[in-house]
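Novice: Questions regarding the structure given below will be posed in turn.
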Amino acid sequence: LPAKTSEAELLGVVEGLNADPIIHGILVQLPLPRHIDEGRILRAIDPAKDVDGFHPYNVGRLAIGDRDVLAPCTPAGVVEMLLRSGYDPAGKRVVVVGRSNIVGRPLALLLLRRGAGGDATVTVAHSKTPDLGAVTREADILVAAVGSPELIRADMVRPGAVVIDVGVNRVDEPSAKRGYRLVGDVADHEVAETAEAITPVPGGVGPMTRTMLLKNTLQAALQLVEAAGR
């Protein structure tokens, strides 16, 4: 849709997709133009088709530990990556740097759930956390999701820790073809020397986010078909 699309027009598109039985997943690409109320649009999506996991109904289900909920894709991808790489968070001290509704908060809720991918002891740190390094050094698993280029340095990471870098930041690089390069929230050239494992940027969490979006879409389709009794 063009940027000049009105809020009413966008709500009409969402309502049409909600009512269409052959559509099983809806994703609204954020951010929206300033004249559109982002929250109102997200609340208009049918929670059963909310493959981004941002509807308040799904956020509430996640908060109470519901394992059948459509969870936000990036946090779900982080958990899946940990499990498939042999780093089960159960019983581990996990520090999440960042408290956004897209990554930090839902990731903490996923890690706190009972069962596979959960049962962790979770600390959420953020921009107001004093002596951030003292907190991050306690982590068996450290997740950086704050959007600050190379914020996490080597002296902030415990040797042998597992580091998940969610950040994707552009920094000026005149010699680069595009005039910039992509870096994460972790200074990986330093941290890789002591961490047991670290995700690359780009090519780490990003592909997992897209994979979990497809997983959520399949889950939504199966649940909708089952609900319809077909």
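Novice: What's the total number of residues in the range 195-218 that are assigned to a loop (DSSP other than H, G, I, E, B) and surrounded by fewer than 17 Cβ atoms within 10 Å (Cβ to Cβ)?
Specialist: 4
Novice: Still on this model: Filter the range 110-164 down to residues that are surrounded by fewer than 18 Cβ atoms within 10 Å (Cβ to Cβ) and among the acidic types (Asp, Glu) and give me whichever is farthest from Met81 (Cα to Cα).
Specialist: Here the residue is Asp131.
Novice: Which residue, of Ala221, Ala192, is modelled with pLDDT of 90 or more, in contact with a strand residue (DSSP E or B) (Cβ under 8 Å, 6 or more places away or on another chain) and surrounded by 13 or more Cβ atoms within 10 Å (Cβ to Cβ)?
Specialist: Among Ala221, Ala192, only Ala192 is modelled with pLDDT of 90 or more, in contact with a strand residue (DSSP E or B) (Cβ under 8 Å, 6 or more places away or on another chain) and surrounded by 13 or more Cβ atoms within 10 Å (Cβ to Cβ).
Novice: Still on this structure: Taking the range 7-29 as the search range and keeping residues that are open to solvent by 40 Å² or more (accessible area, probe 1.4 Å) and touching a residue at least 60 places away in the same chain (Cβ under 8 Å), which one is farthest from Gln223 (Cα to Cα)?
Specialist: Leu27
Novice: Of everything in the range 82-106 that's under 12 Å from the mean Cα position of the chain (by Cα) and open to solvent by 20 Å² or more (accessible area, probe 1.4 Å), which residue is farthest from Asp52 (Cα to Cα)?
Specialist: Arg99
Novice: When the range 88-132 is examined, which residues are found to be farther than 18 Å from Val157 by Cβ and among the charged types (D, E, K, R)?
Specialist: Correct list: Asp88, Arg99, Arg105, Arg113, Arg114, Asp119, Lys128.
Novice: If you check Arg181 against the conditions, is it part of a strand (DSSP E or B), touching a Leu at 6+ places or on another chain (Cβ under 7 Å) and open to solvent by 10 Å² or more (accessible area, probe 1.4 Å)?
Specialist: Criteria not met by Arg181.
To keep it simple, each residue is scored yes or no on (1) in contact with a Phe, Trp or Tyr (Cβ under 6 Å, 6 or more places away or on another chain); (2) in contact (Cβ under 8 Å) with a residue 60 or more places away in the chain; (3) not small (Gly, Ala, Ser).
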position	(1), (2), (3)
His55	no, no, yes
Leu62	no, no, yes
Arg67	no, no, yes
Leu70	no, yes, yes
Pro75	no, no, yes
Lys92	no, no, yes
Gly98	no, yes, no
Leu110	no, no, yes
Val122	no, no, yes
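Novice: Output the qualifying pairs, or none if there are none: Cβ atoms under 6 angstrom, residues six or more apart or on different chains, first residue in the range 209-223 and closer than 12 Å to Asp68 by Cβ, second residue open to solvent by less than 100 Å² (accessible area, probe 1.4 Å) and among the hydrophobic types (A, V, I, L, M, F, W, C).
Specialist: Filtered contacts from the range 209-223: Asn216/Val51; Asn216/Leu70; Ala220/Val51.
Novice: Let me ask you something else. Val79: in a strand (DSSP E or B) and either at pLDDT below 95 or β-branched (Val, Ile, Thr) (or both), yes or no?
Specialist: no
The values are calculated or read from the model by the stated rules, or taken from the named source; none is laboratory data. As the structure is a computational prediction, the values presented were derived from the model and not from experiment. Note that we place each Cβ from the backbone using ideal geometry, even for glycine, and neighbour counts take in every protein chain shown. Heads up: the accessible areas ignore ligands, DNA and RNA and are worked out on the full protein's heavy atoms, side chains in. Shrake-Rupley method; radii C 1.70, N 1.55, O 1.52, S 1.80 Å.
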